[in-house]
Amino acid sequence: MVNNNIFNSVTKRLEFYLIKKNNFKLTGQNYDLILFIPLNSVYDSSKYSLIISSKLLNKLNQKTMIEELLFDLSKNLSREEYLSINRINIIHSNSSFVKNMNFTISQRERLFKLNDFSIGEENISTAYLIKSLVLDKLIQGNTVTMEVLPDKKNPYIFEPSRINAGIKRIDKNFNVIYYTVRGLKTIFPRDRNSDKFSEQLKKESEKYLISEGYLSHISLQKISKIL
């Protein structure tokens, strides 16, 4: 049986890694490919080869990146999740494999199971294509709807909740700082006719804006999707 928790946990750590490599700038940098290939495609597999690709990683040293990723996964995943990754391969985003894969599967969905398919000269019996539904829309200045994972401490809430937000920045602890609906309406009115109050609020500190409900923050770990 496929363990979706492994895919979700590893993908989330990959999101953290790419943001860090982009110096915490929210510019929409994303992975061009996240592909899990079971080592044993005949029976249920608990180990995968992970293939990733991103334009942001093209010019970086592969050996160093793989070492960094493996260290990060070892520190932040459960033992079962970490041991499920047998190896990591990083390929150039301009490779025919990546381009053909994105051309063939262009939908913005989280998970695709692929059976007996060929991409260029590559023949793969089974694989799982994962797409980050966070990074492509986590852009400074974007007004978005964030889908947030339910609080594990609350046994009565099972479904994700949604937050309307204006993305401001992300800090070094991977907390997304965002304008609340109140903040968007007050500081950035739709008619664009800012008054003295809204102009004054733009000059206030984040601490003050958070205390007054104009700004808030949420851990990247809790964001499952940006709509």
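Of all the residues in the stretch 182-202, those that are loosely packed, with under 15 Cβ neighbours inside 10 Å and at pLDDT 90 or above number 2. Restrict the check to the stretch 131-146 and report whether at least one residue is in contact with a Ser or Thr (Cβ under 8 Å, 6 or more places away or on another chain), under 27 Å from SER219 (Cβ atoms) and part of a strand (DSSP E or B). Within the stretch 131-146, one or more residues are in contact with a Ser or Thr (Cβ under 8 Å, 6 or more places away or on another chain), under 27 Å from SER219 (Cβ atoms) and part of a strand (DSSP E or B).
With respect to (1) assigned to a helix (DSSP H, G or I); (2) under 23 Å from LYS25 (Cα atoms), the lone exception for ILE52 is condition (1).
Please verify whether LEU73 is assigned to a strand (DSSP E or B), out of contact with any Gly (no Cβ under 6 Å at 6 or more places or on another chain) and touching a residue at least 60 places away in the same chain (Cβ under 8 Å), treating the condition exactly as stated. No, not satisfied.
To keep it simple, each residue is scored yes or no on (1) touching an Asp or Glu at 6+ places or on another chain (Cβ under 7 Å); (2) in contact (Cβ under 8 Å) with a residue 12 or more places away in the chain; (3) not assigned by TED's automatic domain parsing to the domain that holds LEU26.
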{"position": "SER95", "(1), (2), (3)": "no, yes, no"}
{"position": "MET101", "(1), (2), (3)": "no, yes, no"}
{"position": "SER106", "(1), (2), (3)": "no, no, no"}
{"position": "GLU109", "(1), (2), (3)": "no, yes, no"}
{"position": "PHE112", "(1), (2), (3)": "no, yes, no"}
{"position": "ASP116", "(1), (2), (3)": "no, no, no"}
{"position": "ASN123", "(1), (2), (3)": "no, no, no"}
{"position": "THR126", "(1), (2), (3)": "no, yes, no"}
{"position": "ASP136", "(1), (2), (3)": "no, yes, yes"}
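Looking only at residues in the stretch 15-36 that are β-branched (Val, Ile, Thr) and crowded, with 20+ Cβ neighbours inside 10 Å, the one that is nearest to ASP136 (Cα to Cα) is ILE19.
Looking across the stretch 55-70, the residues that are of a type outside the set (A, V, I, L, M) and assigned to a helix (DSSP H, G or I) come down to LYS55, GLN62, LYS63, THR64, GLU67, GLU68. Only one entry in TYR214, TYR208 is touching a Ser or Thr at 6+ places or on another chain (Cβ under 8 Å), at pLDDT 95 or above and not β-branched (Val, Ile, Thr), namely TYR214. Among the candidates SER84, SER9, SER53, the residue that is outside the structural domain of ASN175 (by TED's automatic domain parsing), more than 28 Å from ILE218 (Cα to Cα) and surrounded by 13 or more Cβ atoms within 10 Å (Cβ to Cβ) is uniquely SER84.
The values are calculated or read from the model by the stated rules, or taken from the named source; none is laboratory data. Quantities reported herein were computed from a predicted structural model and do not represent experimental measurements. All Cβ positions, even for glycine, are placed from backbone atoms using ideal geometry, and neighbour counts span all protein chains on display.
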